[in-house]
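Q: Below are the C-alpha cells for one structure; questions will follow.
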Amino acid sequence: MSYTYKKSKINIFRIIWDRMLRKVRETFIAQMDSNKMDKLLELGLKAMSLLFLLCPEYRENIKGFKGKVAFNTVDGQLGATASFGRFLHLPVLRVRKTAVSNANVTITFSDGQAMASFITEPSPDIISGILDNKLNFTGNMNYILRFVFLAMDIPEVLGIRTRLPDIR
Amino acid sequence: MYEHIDKVRNILKSLSKSSMKSQFPILDDLLTRHYHAKAEVDIERALFMTRYYKDRTNSKKPEALKRAESIHRYLSNRKICFHDNNFLGGACTSKELGAPLYPEYFGITIWPELHTISTRTDNPQILSEKDADILNKEIFPYWMDRTINERVRPIEPERQALFDKFIFYILSKAGTISHTTPYYELVLKKGVREIIEEAKKREAAEEDSKKKIFYKTMQVAMEGVLQYARNIVREAKIAAAGETDTDKKENLLAIAEVLSNVPENPPRNFREALNAVWISQVAVLAENSNMAMSPGRLDQILYPYFIKDYNGGTLTIEDAIRYCGSFWLKMADNVNLVPETAERMFGGAGAVPAITLGGVDWNGDDAVNELTYILLKVTELLPIRDPNVNARYYSGVNTKDYRDEVSRVILSTKAIPAFFNDIENIKTMQNQNISLEDARDYSVIGCVELGASGKQYSASSSVFMMLHTVLYMALHEGRSPATGNKTIGVKTKALKDMKSYKSVWDAYKAQLEWLVDNAVHLNNSYGRKHQEYLATPLLSCFFDGTMESGKDLIDGGAIYNSSGVTHIGFADVADSLAAIKDICFNKDNDDISLKLEDFIAIVDADFNGEDKIYNYVKNIAPKYGRDISANSIAGKMVEINYDLYNSRQNYRGGNYQLAYWTMTNHAGYGRISPATPNGRKAKEVFSSGITPVSQVNTDVTTAYKSVAQLPSNKISNAYALNMKYTPISVNPESIKKFSALIEGFMKSGGQQVQYNIQDYKTLKDAKENPDKYPDLLVRVSGYSAYFKSLNEAMKDEIILRSQYNMGTGEFVSIEQE
Amino acid sequence: MRRPLIFDITKASFDDGPGIRTVVFFKGCPLRCVWCHNPESIDPDHELFFDSSLCIHCGNHAVGKTCFTLARRDVGNVYTVDELMEIILQDKIYYKSSSGGVTFSGGEPTLYMDYMSELCRRLKDEGVHTALQTCGYFDYKRFRDLLLPYIDLIYFDIKIIDETEHIRFTGKSNKIILENFQRLMYEDLHEGVCVIPRVPLVERITATEDNLSGIASFFHTHHIRECEFLPYNPSGIDKWERLGKTRPEGIPEKALSFQTQKKWVDFYKNRYADFAASASDL
Ligand code: SF4
C-alpha cells in the first residue's frame, strides 16, 4: 500500500513503548509463575486506572461508561476485574483482584501464559485467541471491543499520539 | 419479437474498450476515478440513527415506527454530494467510495481498530480522527448493549457461543439480512406517491393494530425517500448555479429535472427510470446493510422505457450505454465496512449487488432483448467489481447468438459475467414450491443465489455451515480444535469402534444434524430479534405481497419467505470421505490399507513423515470431479443437507434453501483449519464453492460432468463452479467452441459456472507485483474482486485453482507451468 | 486383431478439428521425425515415464504396487473397443453442442486398421464425427476398404517434399505418402469426407525455402487450395529424458515465434500464388 502517512509519523515513544511491552512479555511469559501472572494483570489494569485519573483526554473515553470486564483462567487460578464507573463526577476504573460473577463480559484464558501474551500484546487479536482456543468469553463481546480500544489508546494519549489523517 | 436486436448489435459491435476514451469520455473518466478511489468509512447514517434513538431511549413508540422514523430522518437530512459527472443523482454514502457503518449490526467491531483502520496494510478504509472520536464517544457506547447479536445472546447463550467460535457456523443475520431482489418495477409502474397513498388508505381501513402500524411505517419511510430526492433537486440546482463548466452544469440541471419527477411519479423516459431504480437502491441501503442487495433483471424492468425512447428517437444506443454505465459505476460507489480481523475471511469483497440478464420471461418466452445486449456491452466496457453481472440462459429458447455473445464477453473480460442455466434453476425453484411463473422470473442474488424477483424475501446468506468442522467432529467424538479436548457435539463412536464406512458416514450425519439444529435455532432467534427491533418498512415497499398482507417482510409479508444456507469445505470433505472409504474400508485396495484410527492419526499429525500415504491420498485416492465413487459421496452430501433442512422452518414460516458458494471463506477458513483426510495439509485453503479440489488431475468435461450430476433439485439457491482456463485468442471460432462447452455443461445438468481466463504465471506475477495489475478482475466464488485487494489466502487459492488449456483441453498442473 | 496401445486421451480439445473433440493418441509410428513432440508415441510397445525428482524411493513399484507419487507412469494402455467407445461417448453432449467429435492421433492410428475400422464404424453408428490425423504412411488398399468409409475428416501430413530429405529427417521415404495422398485425392474422395493437408513448420527442416516451394508446387499441381500449418512446439522435449531415451540431435529448443511462423506462411502463399499465376499464363 502506498498509504504511509502513519508510518512516517511513528515516533520514538511508540518504539520505546512497544519495546517495553515486549520486554515485559518475555520476562513474564518465560517465568510462567502464576503469582506473577496475577500481578501482571493487576498491574496492567492499575496502570490503566491510573492513566484515567491522570489524563483527562484518556478519561474522556469512559465518560458515562458503566460496566465490568472480568478476566480469569480456565483453572480459576488467576482473576481480576476492571470495573468502570464513576467516583463523584469523575469516570474511573476500579480494579478488583478477582473475577466477579456479574461482569458484562468475562474473558477466560486457557492458562496464565495465554493471559500474559494477550494483555501484553500491542494489538490483541481476539479472533486468533478464540480460534486457537487460547481465550473464551461469556457475556457481551462489545465490552471486550471497547476494552481493547482503551488498551490501544494508551500509547496514543501518552503524548505519543500518532495522529490520524484528517481527510477533510 | 425484439425487432431491433440485429440493428442494435451492429451498433454495439463498433464500440470497444479501446475506444472508450473517445466514445464515452465521461464513463472513461468515471472508471478512472473508480479505480483510484480510496474507501472511506462513512458514519453519517450511524450518527443520525444513534441520535434519533438516543432521544427516544424511553419512548413507548412501537419499535417498527422508530425504525421507520430513524430511516426517514437519515434520508431527509443526509448530505447531498456530487463527486463526479455521473448522469444519475443519488449516492449510497457521503463519500465518493464509502463504507457505510451500520451500528445496529457489526459496525461496532471496528472499535479496537479506530486508530489503525486508515493505515492497515490490507484494504485500509479511511476514517477521519473526528469521526473516530464520534464513534468512540457517541455512537458505539450507545449501541454496545443494543447490537443485534448482543440482543440475541442472552436468549441463546450456548448457540451464540458456538457462533463466536467461528468454526462451526456463522450467521449473517448478525450483520445483515439484505441478500434479496427487491421489486423496483413497482416504483416504475406506480411511483412512490401512489405507494404512499395506498398505504395510507389501507392504514385507515385497517383494524389490526400491528398492520396499521406497518402501513404507517411504509408511509414514513417512503416520505423520507421523497424528501431525499427533493434535497438532491435543490442541491443540484445550487451546484449548477455555481458551475462554470457547461457540460457539468447541464448534467446537474438534468439530474434536477429527472428527480423532480421520479421516484415520486412513474418515469417519463429511460433516464428517469434508471435514476428511479438507483434512488430506490440507495433508499433500501439506508435501511438495510449493503450486502448483496440485488436490483435483479434490469434488462426486463427497464425495457419498456428503453424501447419507447428508442423508437421515439429520443434515445440513442450510445445514450443508453452512457446512462447504464453510470448506473454500473454508481453501484460500485460503496463497499462493506470490514474490520481487520474479518479481512482474513472476507477481504476484497465488494457489496455484491447482482444484476441478472437474459433468460426467459414469466411466460417462458425468450427474454433476451436489445437492452440485454446493451447491458452486456456495458459489462464489457466497465469490467468492475460491482455490480455482479449474471447471464441467464435457457437452451432452446434463448438463441445461440446470445449464448455466444455472453461467452465472448467472458473471454474478453476474462471473468464476467457468470452463466446460469435456466432449465435446471427453474426446476429446482419449483421444487421449493415456487410457482412456475415466478421461478421463470428468477434473478440472481449476491453471489449465486436464486430468488423469485420481488416476491421472495430470500435472506440467502443466513447460514454458513462449515462442513470440514462437521467431519472433524465426526472423526473426534464430537470434539473440535476450538474446544480443546471437550466433546461439544454428539459423542459419536471412537475411531477404533467404527468398523465400516457406514459408521463414519453415520457419525458425519449425526454431527451435521447437531450443527444444523443449532444453526437453524439460532438463525430463527436472530430472525425474531430482527422482527422485534429491525423492521424493514422501506424494503417492504419494494416487494410483492406486503401491501396485501399488511406485514413487514421481516414478519413474513413476502409471497415466498425462505432463508438461505451455504456450505464451506464441500469438495474437500467429499474427497476426505472418499479417501477414508478407499484406504480404511476397501477390501479390494491392494495398494494400501490402514486402520481408521491409524489413518486419522496420520492426518492429525499433518501427514508428517508419511510421504507415502500423503502421496497416495493426493494422487491415487478417488476424487470428486474425477472418480465415480467420490462423486457419489458428493451427491450424498448434497442429499443429506437437503433432507436435514427440508424438515425445518424459519421464523417467517418459510423454508431453508441450500447453496454451495463460499465468498472468500474457503480460503480464510483453510488457513485456520487442521489437515483433512484428502491430503489437504493444515492451513491450506479449501476448494471454492462447489468446485472440485484444485489440482486434482482430471479432464475438464469430467469435472463438469461430476458437478452437473449432483442432484440440482436439492440445490435451490445454486452454487458457484469456478473454472480456470489458459487465455486463448478470442475469435469467432474459439468463442463458438467455448460457448458450446458451456451449453454441454448445462445440458448435462449444470446450474452455474464462472470463469477466470488466467494462467498461473500471470496470477503469480500479479501477487508479486500488485502495481503492475491495478485493475485485474477475478471471479472469487460468486462475485468479482480486484485481485490486488484480496487477502493472501484468497490470492493463493485463485492461483492454485486447476487450470485447463482451452486449446488442447488438457489439465495444466501448477508445477507444470 | 492387433490391439493397439493408447498413450493418452484428452477431452474438450478446441485445436484438433471442428467443434469440441476427444483426442485419442495411439502408440506406434512408422516414421521417426526428429522433431516429434510426442516421443512416447513412436514405439508401439509399452514404455515407462520416470521422473526421478518425484521418486521417494518407497519401493512400491518393485513389489508390483502402484507408484503413489506418479514418478513412474505407464505409457500405453490397452482398451477394448467397448471401453474406448464408452470413454469417447461420455462427451457426446459436447460433440452435439459444438458439432465436434473424436480425433484419432498418435503415433499413427492407421497402424491398427482393424481396430480403427471397428471403432470408427461404431462411432458412425452413434453419429459421432470422426477425424484422423495421419502421416500418410499406410497400406492404401486396407485404408480405403477398412477405414475410409467411417472417417469424416482426414488431416494428412505432407512434411518434406524431397525424398532424400524426407528419409534423412523421418527415417522413411515419402514415396508411399505422396502416392497415398494422390490416390486419396483422385480416386476415393467421396462426398462425406474432407481432407486437409498439414505441413509442420520446423525451422531448417521443413520450414525452408526449398521445401515450402516444393510443397506449394505439389499442392498446386493437385489443386489443393487449402492446407494447415503446424508451428513447431518443443513442449515434449523433456519427455525424452523421462522415457530414458536420448533425444535426437539438432531439434530446436524453442517454439516457432509468431513472426517466423507468419514469415513462412506468407512465403508459402506467395510461392503458391506464383505457381497459380504462371499456370494461368500458359
Ligand atoms: S513406487 Fe514410485 S516413488 Fe516408490 S520407488 Fe518406485 S518410482 Fe519411486
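Q: Go through segment B:159-193 residue by residue and tally those that are more than 25 Å from residue B:458 (Cα to Cα) and in contact (Cβ under 8 Å) with a residue 40 or more places away in the chain.
A: Counting residues in segment B:159-193 that are more than 25 Å from residue B:458 (Cα to Cα) and in contact (Cβ under 8 Å) with a residue 40 or more places away in the chain gives 2.
Q: Are any residues in segment B:106-124 open to solvent by less than 10 Å² (accessible area, probe 1.4 Å) and more than 8 Å from chain A (Cβ to nearest Cβ), and if so, which ones?
A: B:107, B:110, B:117
Q: Can you find a residue in segment C:158-174 that is of a type in the set (D, E, K, R) and open to solvent by less than 40 Å² (accessible area, probe 1.4 Å)?
A: Yes, segment C:158-174 has at least one match.
Q: Any residue that is in contact with a Gly (Cβ under 7 Å, 6 or more places away or on another chain) and either part of a helix (DSSP H, G or I) or open to solvent by 10 Å² or more (accessible area, probe 1.4 Å) (or both) - is there at least one of those in segment B:238-249?
A: no
Q: Just one of (1) crowded, with 19+ Cβ neighbours inside 10 Å; (2) within 14 Å of another protein chain (Cβ to nearest Cβ); (3) of a type outside the set (Asp, Glu) trips up residue B:526, so point out which.
A: Unmet condition: (2).
Q: Same structure, new question: May I ask you to verify whether residue B:613 is within 16 Å of the ligand (Cβ to nearest atom), without any contact (Cβ under 8 Å) to a residue 40 or more places away in the chain, within 14 Å of another protein chain (Cβ to nearest Cβ) and part of a helix (DSSP H, G or I)?
A: yes
Q: On to the next question. Being within 16 Å of the chain's Cα centre (by Cα) and either within 16 Å of residue C:219 (Cα to Cα) or in a strand (DSSP E or B) (or both) is the filter here, so list the residues in segment C:145-173 that pass it.
A: C:153, C:154, C:155, C:156, C:157, C:158, C:159, C:160
Q: From A:138, A:120, which residue is within 11 Å of chain B (Cβ to nearest Cβ) and among the hydroxyl-bearing types (Ser, Thr, Tyr)?
A: Answer to the check: A:138.
Q: Which of the residues belonging to segment C:67-89 are within 14 Å of chain B (Cβ to nearest Cβ), more than 16 Å from the ligand (Cβ to nearest atom) and without any contact (Cβ under 8 Å) to a residue 24 or more places away in the chain?
A: Hit for segment C:67-89 is C:86, nothing else.
Q: Another question, then. Please verify whether residue C:55 is within 14 Å of the ligand (Cβ to nearest atom), buried (at least 18 other Cβ atoms within 10 Å of the Cβ) and assigned to a loop (DSSP other than H, G, I, E, B), treating the condition exactly as stated.
A: No.
Q: I'd like the full set of residues that are among the aliphatic types (A, V, I, L, M) and touching an Asp or Glu at 6+ places or on another chain (Cβ under 7 Å), limited to segment B:715-745.
A: If the condition is that a residue be among the aliphatic types (A, V, I, L, M) and touching an Asp or Glu at 6+ places or on another chain (Cβ under 7 Å), then B:718, B:735 are the ones that fit.
Q: Can you pull out the residues in segment B:141-156 that are at the interface with another protein chain (Cβ under 7 Å from one of its Cβ atoms) and touching a residue at least 12 places away in the same chain (Cβ under 8 Å)?
A: Matches in segment B:141-156: B:144, B:147.
Okay, residues lined up against (1) within 14 Å of chain C (Cβ to nearest Cβ); (2) of a type outside the set (D, E, K, R); (3) open to solvent by 20 Å² or more (accessible area, probe 1.4 Å):
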position: B:663; (1), (2), (3): no, yes, yes
position: B:668; (1), (2), (3): no, yes, no
position: B:672; (1), (2), (3): no, yes, yes
position: B:680; (1), (2), (3): no, no, no
position: B:688; (1), (2), (3): no, yes, no
position: B:697; (1), (2), (3): yes, yes, yes
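Q: Return only the number of the condition from (1) within 16 Å of the ligand (Cβ to nearest atom); (2) touching a Lys or Arg at 6+ places or on another chain (Cβ under 9 Å) that residue C:103 does not satisfy.
A: (1)
Q: Filter segment C:205-232 for residues that are surrounded by fewer than 16 Cβ atoms within 10 Å (Cβ to Cβ), in a loop (DSSP other than H, G, I, E, B) and in contact (Cβ under 8 Å) with a residue 40 or more places away in the chain and give the result.
A: Scanning segment C:205-232 gives a single hit, C:222.
Q: Do the conditions hold for residue C:123, that is, is it open to solvent by less than 10 Å² (accessible area, probe 1.4 Å) and within 30 Å of residue C:171 (Cβ to Cβ)?
A: So residue C:123 fails the test.
Q: Right, here's the next one. Return the total of residues in segment A:87-103 being surrounded by fewer than 15 Cβ atoms within 10 Å (Cβ to Cβ) and either of a type in the set (Asp, Glu) or within 14 Å of chain B (Cβ to nearest Cβ) (or both).
A: Final tally of qualifying residues: 1.
Q: Would you point out the residue of segment B:474-506, among those that are β-branched (Val, Ile, Thr) and either without any contact (Cβ under 8 Å) to a residue 60 or more places away in the chain or within 14 Å of chain A (Cβ to nearest Cβ) (or both), that is surrounded by the most Cβ atoms within 10 Å (Cβ to Cβ)?
A: Applying the filter and picking the extreme gives B:492.
Q: For residue C:64, are the conditions met, namely being among the small types (Gly, Ala, Ser) and more than 10 Å from chain B (Cβ to nearest Cβ)?
A: no
Q: Is there any pair linking a residue in segment B:22-44 that is under 30 Å from residue B:74 (Cβ atoms) to one that is among the basic types (Lys, Arg), with Cβ under 6 Å and at least six apart or on different chains, and which?
A: B:40/B:95; B:42/B:95; B:44/B:78
Q: Looking at segment C:1-36 only, could you name the residues that are within 14 Å of chain B (Cβ to nearest Cβ), touching a residue at least 40 places away in the same chain (Cβ under 8 Å) and part of a loop (DSSP other than H, G, I, E, B)?
A: C:16, C:17, C:18, C:19, C:20
Q: Sticking with this structure for a sec: Among the residues of segment C:114-132, is any within 16 Å of the ligand (Cβ to nearest atom) and within 14 Å of another protein chain (Cβ to nearest Cβ)?
A: no
Q: Read through the list (1) at pLDDT 95 or above; (2) in contact with a Ser or Thr (Cβ under 8 Å, 6 or more places away or on another chain); (3) open to solvent by 30 Å² or more (accessible area, probe 1.4 Å); (4) away from the ligand (no atom under 16 Å from the Cβ), then give the number of the only condition that residue C:21 fails.
A: (3)
Q: Taking segment B:483-540 as the region of interest, how many residues are assigned to a loop (DSSP other than H, G, I, E, B) and not aliphatic (A, V, I, L, M)?
A: 10
Q: Could I ask something else about it? Would you pick out the residues in segment A:105-149 that are of a type in the set (A, V, I, L, M), in contact (Cβ under 8 Å) with a residue 60 or more places away in the chain and open to solvent by 30 Å² or more (accessible area, probe 1.4 Å)?
A: Once the filter is applied, which keeps residues that are of a type in the set (A, V, I, L, M), in contact (Cβ under 8 Å) with a residue 60 or more places away in the chain and open to solvent by 30 Å² or more (accessible area, probe 1.4 Å), segment A:105-149 yields only A:119.
Q: Considering only residues that are more than 30 Å from residue B:535 (Cβ to Cβ) and open to solvent by 10 Å² or more (accessible area, probe 1.4 Å), which ones fall in segment B:636-661?
A: Once the filter is applied, which keeps residues that are more than 30 Å from residue B:535 (Cβ to Cβ) and open to solvent by 10 Å² or more (accessible area, probe 1.4 Å), segment B:636-661 yields B:636, B:639, B:640, B:642, B:643, B:644.
The values are calculated or read from the model by the stated rules, or taken from the named source; none is laboratory data. No experiment lies behind these values; they were computed from the predicted model shown. In this analysis, Cβ positions are derived from the backbone assuming ideal geometry, glycine residues included, and neighbour counts consider all displayed protein chains. Surface accessibility is based on the protein's heavy atoms, side chains included, excluding ligands, DNA and RNA. Shrake-Rupley method; radii C 1.70, N 1.55, O 1.52, S 1.80 Å.
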